[in-house]
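Just below is one structure, and these are the notes that go with it.
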Amino acid sequence: MIEIKNITKTYKTGDVEFQALRGVSFTIADGEFVAIMGPSGSGKSTLMHILGALDNPTSGTYLLDGKDVSTLTDDELADIRKDKIGFVFQSFNLLPRTTVLRNVILPLIYDGINPEEREERAKKALVLAGMDEGHFMNLSNQLSGGQIQRVAIARALVNDPSLILADEPTGNLDSKTSEIVLGTFQKLNKELGRTIILITHEQDIAEHADRILFIKDGLLEERDRHIKKIAYAQHDFAKSNT
């Protein structure tokens, strides 16, 4: 699905240059669950923005499903972000005084989907994300942190993307809730075949993935590691709303 070839990213402030990425190369196959791990300032968020077609590299090539992203028009990039990629962020980015269902429906309204279909698709996405139907009409500011993040996951799923980018998705959650949310990602990967890229600075979070890429000072390495296997099936996603 993804092929990154010698990607660099340089930021300029006046006469000062900062090289955030310094020749990064890797591939991610369709259906993989990969964690990109590194400390703050390592370049992992810059890399995520490039993977999400939110920013362009200074040099190098990014192929997504065989297409060179740098050759696409703004409209084509917008279509990729809308149809192919689902984003999940640490800050959730939900509308606080809007219902759970409405928060998930919103991307479909902008996409011109008819009301009946968008409600059906939103409910399906919420169930896939492990959200109990009894909470669909709650306002998002009435939910726990774990519930809010699962609503954010549902919103990322509602357009049926093949790739999900999760940037520090457990950063605002306690350890128990983090396990439930990460189990949701594992379920989406193992049962539905979604490609997941998880950005994190924490080893125990990265270990939920099948492969870890470690980035430091703008350079990337793939570490051989012994991962404890997390049994996502142990979690009751449909009923657990921590």
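Return the residues of the range 143-172 that are surrounded by fewer than 19 Cβ atoms within 10 Å (Cβ to Cβ) and at pLDDT 90 or above; say none if nothing qualifies.
Ser162
Selection within the range 108-122: residues that are of a type in the set (A, V, I, L, M) and assigned to a helix (DSSP H, G or I). The member of this set that is nearest to Arg155 (Cα to Cα) is Ala122. Would you confirm whether or not the range 56-63 contains a residue that is aliphatic (A, V, I, L, M) and assigned to a loop (DSSP other than H, G, I, E, B)? There is no residue in the range 56-63 that is aliphatic (A, V, I, L, M) and assigned to a loop (DSSP other than H, G, I, E, B).
Could you list, in sequence order, all residues of the range 181-200 that are assigned to a helix (DSSP H, G or I), of a type in the set (A, V, I, L, M, F, W, C) and closer than 17 Å to Ala125 by Cβ?
Within the range 181-200, Val181, Phe185, Leu188, Leu192 meet the criteria.
The combined condition, being touching a residue at least 12 places away in the same chain (Cβ under 8 Å) and over 16 Å from Ile215 (Cα atoms), is fulfilled by Asp83. Say whether the condition of being at pLDDT 90 or above, within 20 Å of the chain's Cα centre (by Cα) and under 16 Å from Ala152 (Cβ atoms) is met by at least one residue in the range 53-70. No, there is no match, as no residue in the range 53-70 is at pLDDT 90 or above, within 20 Å of the chain's Cα centre (by Cα) and under 16 Å from Ala152 (Cβ atoms).
For the condition assigned to a helix (DSSP H, G or I), of a type in the set (S, T, N, Q) and touching a residue at least 40 places away in the same chain (Cβ under 8 Å), Asn103 qualifies. Among the residues of the range 206-225, none qualifies, meaning not one is more than 26 Å from Leu21 (Cβ to Cβ) and either touching a Lys or Arg at 6+ places or on another chain (Cβ under 7 Å) or modelled with pLDDT of 80 or more (or both).
In the range 149-163, the residues that are under 12 Å from Lys82 (Cβ atoms) form Cβ pairs under 7 Å with partners that are basic (Lys, Arg), at six or more places apart or across chains, as follows: Val158/Arg121; Asn159/Lys82; Pro161/Lys84.
When you check Ala78 against the structure, is it of a type in the set (A, V, I, L, M, F, W, C), more than 13 Å from Asp167 (Cβ to Cβ) and either in a helix (DSSP H, G or I) or touching a Cys at 6+ places or on another chain (Cβ under 8 Å) (or both), yes or no? For Ala78, the condition - of a type in the set (A, V, I, L, M, F, W, C), more than 13 Å from Asp167 (Cβ to Cβ) and either in a helix (DSSP H, G or I) or touching a Cys at 6+ places or on another chain (Cβ under 8 Å) (or both) - is met.
For the range 38-62, the candidate set comprises residues that are closer than 23 Å to Ser162 by Cβ and in contact with a Phe, Trp or Tyr (Cβ under 8 Å, 6 or more places away or on another chain); within that set, the residue that is surrounded by the fewest Cβ atoms within 10 Å (Cβ to Cβ) is Gly52.
Of the numbered criteria (1) crowded, with 16+ Cβ neighbours inside 10 Å; (2) closer than 21 Å to Arg81 by Cα, the one Gly31 fails is (1). Is it true that some residue in the range 231-242 is surrounded by fewer than 20 Cβ atoms within 10 Å (Cβ to Cβ), touching a helix residue (DSSP H, G or I) at 6+ places or on another chain (Cβ under 6 Å), small (Gly, Ala, Ser) and modelled with pLDDT under 90? Yes, the range 231-242 contains at least one residue that is surrounded by fewer than 20 Cβ atoms within 10 Å (Cβ to Cβ), touching a helix residue (DSSP H, G or I) at 6+ places or on another chain (Cβ under 6 Å), small (Gly, Ala, Ser) and modelled with pLDDT under 90. Residues in the range 1-20 that are of a type in the set (A, V, I, L, M, F, W, C), farther than 19 Å from Ile85 by Cβ and surrounded by 15 or more Cβ atoms within 10 Å (Cβ to Cβ): 1 in all.
Give the number of residues within the range 107-131 that are of a type outside the set (Gly, Ala, Ser) and crowded, with 17+ Cβ neighbours inside 10 Å.
The number of residues fulfilling the criteria is 10.
Can you spot a residue in the range 125-138 that is out of contact with any strand residue (DSSP E or B) (no Cβ under 7 Å at 6 or more places or on another chain) and polar (S, T, N, Q)? No, the range 125-138 contains no residue that is out of contact with any strand residue (DSSP E or B) (no Cβ under 7 Å at 6 or more places or on another chain) and polar (S, T, N, Q).
The values are calculated or read from the model by the stated rules, or taken from the named source; none is laboratory data. Just so it is clear, the structure is predicted and the values come from calculations on it, not from any experiment. Quick reminder, even Gly has a Cβ in these numbers, built from the backbone with ideal geometry, and neighbours come from all protein chains shown.
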